[in-house]
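The values are calculated or read from the model by the stated rules, or taken from the named source; none is laboratory data. Predicted, not measured: the structure shown is a model, and the values here were computed from it. In this analysis, Cβ positions are derived from the backbone assuming ideal geometry, glycine residues included, and neighbour counts consider all displayed protein chains. In case anyone asks, the SASA skips ligands and DNA or RNA and just uses the protein heavy atoms, side chains included. Shrake-Rupley method; radii C 1.70, N 1.55, O 1.52, S 1.80 Å.
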Amino acid sequence: MLSAKMYDKENIEVIKEEIPAISEDEILLKVKSAGICGTDLRIYRNGHPEIHKDSPRTLGHEFSGVIEKVGSSVDGYKKGMRVAAAPNIGCGKCDICVSGNQHLCKEYKAIGVQLDGAFAEYLKIPAKAINSGNISELPDHVSFEEASIIEPLACVYSGIEKCEIKPGDDVLIIGAGPIGIMHAMLAKISGAANVFISNRSTNRLEMAKEIDNSFITIPNSDLKREIDLQTNGEGVDVCITACSSADAQTLSLELVKLNGRISFFGGLPKGKEKVELDTNLIHYKQLTILGTTKASNEQFRKTLHFISSGLLDVKKLTTGKYHLNDIHDAFEEAMSGKGLKTVIVYD
């Protein structure tokens, strides 16, 4: 099979290797679609302590495909089944895993990070993932490209749940990349009266309007002034920083009203994670500041339902499709910020 192996930072090569052998309690998946995530780009740019020339890794944790082979002791799955799978696998024994939050397990491993992922024609799904319910069957009308959106959408849904958006709330998302637009889409169906979305690139703001013309787009340079105008100086109920920006995190405290909620969704680069915040604003405005990471298997299945039911149309989020042999071009497009989701597709 073909796979894209990462050997070091900015060093990915498409090679031929053996199709993974599976044991009696594992599943072999023929990959049909795999999205390129911001995490993939960070690992590619900066490297990863577990990935080097003596221990290369196949990235790709947003994926869907068709089951090619099922281990003899695996129940409930069969060859030919169309599926998507959540990538995060916990130990299965700790209190966090027992609570259903395997993605927060201290010992967790992720397909496409610690384990070989979906930038390959086939991948192996471990027994722990199967037994924890990571695999979800796809309805026939949900395309593989749509299904590869489930994982990032689930992460966004995890953040939106924490924000507790109420009908009539004004919500601001800073960052109009795919993650920011997903936040805007979920804020809308959560009942937000006005969804503001801000970005440095006006191109991305135009894409956001194409997805939903009701989104109120604001260039970053006008953000504070425009939010004051739009909310009569009160500020928004919820502000979500869907970008890796310390400045956005600092500014968010000024953009929310009394009793406002703030979600720091976008993580910051190593070495820049210390941010100066005006804690008097937190104190006197009674603000709630939240953070979330990854998503549970329950949230993964819930977002699949959002897509399969027609509640959310994610088709327009995919703006670039590449074959595995062209993965360098795919990474270049994803890093350029010109489009939204870039995916690797397989015949």
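A cut-off of 5 Å between modelled amide H atoms, ignoring neighbours fewer than 5 places along the same chain, links LEU172 with PHE196, VAL238, CYS239, ILE240. Take region 227-326 with all the other protein chains still there, run a 1.4 Å probe, and you get 55 Å² of accessible area per residue. In the context of the full set of protein chains, residues of region 1-156 present 44 Å² of accessible surface per residue (probe radius 1.4 Å, heavy atoms only).
Taking the Cα centre of region 1-65 as reference, the dipole from Cβ charges on Lys and Arg (+1) and Asp and Glu (-1) amounts to some 340 debye.
Evaluating 6.51 cos²θ - 1.76 cosθ + 1.60 at θ = phi - 60° for every residue in region 294-309, the Karplus couplings come out as 6, 7, 7, 5, 4, 5, 4, 5, 5, 6, 4, 5, 4, 6, 5, 7 Hz, glycine and proline recorded as x. Full extension of the segment from TYR7 to ILE289, taken as 0.36 nm per residue of separation minus the current Cα-Cα distance, would add 97.7 nm. Per-residue Karplus couplings for region 63-77, computed as 6.51 cos²θ - 1.76 cosθ + 1.60 with θ equal to phi - 60°, are listed in order as 8, 8, x, 10, 5, 9, 8, 10, x, 4, 9, 8, 10, x, 10 Hz, Gly and Pro entered as x. Candidates THR319, ILE165, ILE289 compared by Cα position along the dipole of the chain: farthest toward the positive end lies ILE289, with charges placed on Cβ.
Close amide H partners of ASN199, meaning residues 5 or more places away or on another chain with modelled amide H under 5 Å apart, are GLY175, ILE218, ASN220. In straight-distance terms, cross-link reach from LYS16 covers every one of the aspartates and glutamates whose alpha-carbon lies under 13 Å from its own, apart from those fewer than eight places away in the same chain; here that gives GLU121.
Note on SER72 and ASN232: the extension gain reaches 51.2 nm, defined as 0.36 nm multiplied by sequence separation minus the Cα-Cα distance. Under a model in which nothing but the beta-carbon of Lys, Arg (+1) and Asp, Glu (-1) is charged, region 143-206 shows a dipole of about 200 debye around its Cα centre.
Under the rule a/c < 1.5 gives rounded, and otherwise a/b versus b/c splits prolate from oblate, where does region 148-278 land using the Cα gyration tensor?
It comes out rounded by the Cα gyration axes.
In the chain, the DSSP-assigned H stretches of four residues or longer account for a calculated mean residue ellipticity at 222 nm of -8500 deg cm²/dmol, using -39500 (n - 2.57) per stretch and the full residue count as denominator. The loop-placed trypsin sites (Lys or Arg not before Pro) in region 62-129, going by DSSP, that have at most 16 neighbouring Cβ atoms within 10 Å of their Cβ come out as LYS78, LYS79, LYS93, LYS106.
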